[in-house]
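Since the structure comes first, as structure tokens, the remarks are kept for the end.
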Amino acid sequence: MASEEILPKRSRFPKPRRTVSIRASKRMLAGFVSGSLVFAAVAVAFMVFIDPLQYYHKSWYTPVFSNEQRYQNPGLARNYDYDTIILGSSMTENFLPSVVDEELGGKTLKLSIRGSYAQEQYDIAQVAFRTGKVKQVLWGLDYFALKPADLDAQGPYPHYLYDDKFWNDYKYWFNVTPYRELAEGLYKRSSATENAKRLKSLEYLYNWNYYVVYGKKYAMKTYQKALTDEAGFGNNEEPLEVVQNNFTTYVESVIKAHPETQFYIYYPPYSILRQAVWRDLNIPRYEQQLTMKKWMYERFKQYPNVKVYDFQTEAEWTFNLDLFKDLSHHNMNVNTWITRAIGADDAKYRVTDANVDQFVTDLREQVEDVAVNAAGDLLRVPVRLADDPSKPATFSAKVLRGQSNELLVPGKEAASVLGAEMTYDAATKTMTLIRGDRELVITAGKNEATLNGASVAVSTPVEIVGGRSMVPLVFFAETLGWKAETSAPDTMTKAITLQP
């Protein structure tokens, strides 16, 4: 009997709808994924083609530069032509690359980052060095940049722009902000004057010299504000070891890794009032930054490819508040003077074994000597004791009043220097000072005082400033039996010598 093929019987029931639904869902999911991948590929291709931050290539159209330096700088460092880079905070933003080219020789790219920490400066330096282009570095090194970094303080920090990992660039590919800034930039440029367009060029990138106002009026305003706002800052200052470790990690390591590159390190000049506020309100920072000057020099001098310059004691700049917009930030002229001094390797500013201690001593003396009058003019008013002229009489604050610029200092400190006992009645704002057989009684705001009960005229009244009494030092000294000799002031200095 022939074998008979047995065929399966056709089911009399249709396939369950659930099976159909699953297959349809899978097709929809596959379509969605495929569509998403295609959309993503198109978006990535479009971003790479337009590339608003010039991260992958220089613009094929007239570039619009972003002012967001943490985002813009990596693309510039990767794709532009240069052999010299500028690193630092806002103190370096007003450098003109053409002037740096002229003085240092080369082609300069400014990679400044306002408010930056040394860690951020390290990051952008690494991007530049990976290109193999860097032959010179002009680095403005602020003490505060060596503090522990809070990289997200000004918005999310774009770590993905500082490495060579293509896969994590998705945060750039699908970010609408670069497109928005590009569109806004193109719109503004379409209606901008030729001068405005010039200021948006690479030569003036990040430069704020033409957008702010300078002068003692504005510097003094920030000075008065700082006396209140910065009270207590010293309580949160990091230990010196933390600052030194950040220097070693983010500054020295770059120098050590690139012995073929010439490094020009400089300390930016702030107004002398900036230093005075630190001395009065943040003693740890003031002392540590002075300590770091010599400590860093000892590290720097190990490397023959490093030159260090200190501009913080250039009194013609730091005592001239008309060069500043606030306590720290000077105008573009100062950047140009710095560039020329470095280009000439000016011995006045070059730090060496022979003068590293003198830079610290000079800055201390200038901070001790500085006095400010009501108009915002700064003078050096050193106070010396005749029996030890090498040791200055120090005061935490000095102000000048009247046409003769009479020096006012804190009352308690004056009493201590003059060897007098002082009591103070806060209700009447009256102080009594006794030295030997002399008793001086004086009230704030009064043009008259009493000496041993007899009335004496006061040319410059006592003032209450920031909750403390400011007294006329020469008047107090002479009334209490001292001899006071005041030198004829030159343009910046008026010395006072006290003799018992």
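Is it fair to say Gly436 is in contact (Cβ under 8 Å) with a residue 40 or more places away in the chain, more than 22 Å from Arg279 (Cα to Cα), open to solvent by 60 Å² or more (accessible area, probe 1.4 Å) and out of contact with any Asp or Glu (no Cβ under 7 Å at 6 or more places or on another chain)?
When the stated conditions are applied, Gly436 passes them.
Name the single residue, out of those in segment 240-270 being among the hydrophobic types (A, V, I, L, M, F, W, C) and within 26 Å of Asp326 (Cα to Cα), that is surrounded by the most Cβ atoms within 10 Å (Cβ to Cβ).
Top of the filtered list is Val243.
Take segment 271-311 and flag every residue that is outside any helix (DSSP H, G or I) and open to solvent by less than 10 Å² (accessible area, probe 1.4 Å).
Within segment 271-311, Ser271, Asn282, Val308, Tyr309, Asp310, Phe311 meet the criteria.
Can you name the residue in segment 156-177 that is open to solvent by 40 Å² or more (accessible area, probe 1.4 Å) and not in a loop (DSSP other than H, G, I, E, B) and, of all such residues, is modelled with the highest pLDDT?
His159
Quick check on segment 178-188. Is at least one of its residues surrounded by 14 or more Cβ atoms within 10 Å (Cβ to Cβ) and among the aromatic types (Phe, Trp, Tyr)?
No: segment 178-188 contains no residue that is surrounded by 14 or more Cβ atoms within 10 Å (Cβ to Cβ) and among the aromatic types (Phe, Trp, Tyr).
When segment 184-231 is examined, which residues are found to be among the aliphatic types (A, V, I, L, M), assigned to a helix (DSSP H, G or I) and free of Cβ contacts under 8 Å to residues at least 24 places away in the same chain?
If the condition is that a residue be among the aliphatic types (A, V, I, L, M), assigned to a helix (DSSP H, G or I) and free of Cβ contacts under 8 Å to residues at least 24 places away in the same chain, then Ala196, Leu199 are the ones that fit.
Of the residues that sit in segment 380-398 and are open to solvent by 20 Å² or more (accessible area, probe 1.4 Å) and in contact (Cβ under 8 Å) with a residue 60 or more places away in the chain, which one is nearest to Leu281 (Cα to Cα)?
Ser396
Can you tell me which residues in segment 340-379 are small (Gly, Ala, Ser), free of Cβ contacts under 8 Å to residues at least 24 places away in the same chain and farther than 30 Å from Pro97 by Cβ?
Ala354
Starting from segment 171-183, keep only residues that are more than 13 Å from Asp51 (Cβ to Cβ), then list their pairs with residues that are among the hydrophobic types (A, V, I, L, M, F, W, C) whose Cβ atoms are within a distance under 7 Å, requiring at least 6 positions of separation or different chains.
Matching pairs, first to second residue: Phe174/Ala43.
Listed residues Asn207, Asn168; which is over 22 Å from Tyr270 (Cα atoms) and polar (S, T, N, Q)?
Being over 22 Å from Tyr270 (Cα atoms) and polar (S, T, N, Q) holds for just one of Asn207, Asn168, which is Asn168.
Mind counting the residues in segment 191-205 that are under 16 Å from Ser59 (Cβ atoms) and open to solvent by 60 Å² or more (accessible area, probe 1.4 Å)?
The total comes to 2.
Taking the criterion of being free of Cβ contacts under 8 Å to residues at least 12 places away in the same chain, surrounded by 12 or more Cβ atoms within 10 Å (Cβ to Cβ) and in a helix (DSSP H, G or I), would at least one residue in segment 448-458 satisfy it?
No, there is no match, as no residue in segment 448-458 is free of Cβ contacts under 8 Å to residues at least 12 places away in the same chain, surrounded by 12 or more Cβ atoms within 10 Å (Cβ to Cβ) and in a helix (DSSP H, G or I).
On the basis of being of a type in the set (Gly, Ala, Ser), closer than 11 Å to Gly411 by Cα and open to solvent by less than 70 Å² (accessible area, probe 1.4 Å), does Ser487 make the cut?
No.
Yes or no: Thr108 free of Cβ contacts under 8 Å to residues at least 40 places away in the same chain, farther than 18 Å from Asp310 by Cα, open to solvent by 10 Å² or more (accessible area, probe 1.4 Å) and not small (Gly, Ala, Ser)?
Considered against the rule, which asks whether it is free of Cβ contacts under 8 Å to residues at least 40 places away in the same chain, farther than 18 Å from Asp310 by Cα, open to solvent by 10 Å² or more (accessible area, probe 1.4 Å) and not small (Gly, Ala, Ser), Thr108 comes out as yes.
Suppose we filter segment 118-148 for residues that are under 16 Å from Met292 (Cα atoms) and either open to solvent by less than 50 Å² (accessible area, probe 1.4 Å) or part of a helix (DSSP H, G or I) (or both); how many remain?
Going through segment 118-148 one residue at a time, the tally reaches 9.
Return the only residue of Asp150, Asp164 being farther than 24 Å from Gly88 by Cβ and acidic (Asp, Glu).
Only one candidate qualifies: Asp164.
Would you call Val471 closer than 13 Å to Leu400 by Cα, hydrophobic (A, V, I, L, M, F, W, C) and in contact with a helix residue (DSSP H, G or I) (Cβ under 6 Å, 6 or more places away or on another chain)?
Answer is yes for this residue.
The values are calculated or read from the model by the stated rules, or taken from the named source; none is laboratory data. If you're wondering where the values come from, they're calculated on a predicted model, not measured in any experiment. Neighbour counts run over all protein chains shown; Cβ positions are idealised from the backbone, glycine included. These accessible areas exclude ligands, DNA and RNA; they are computed on the full protein's heavy atoms, side chains included. Shrake-Rupley method; radii C 1.70, N 1.55, O 1.52, S 1.80 Å.
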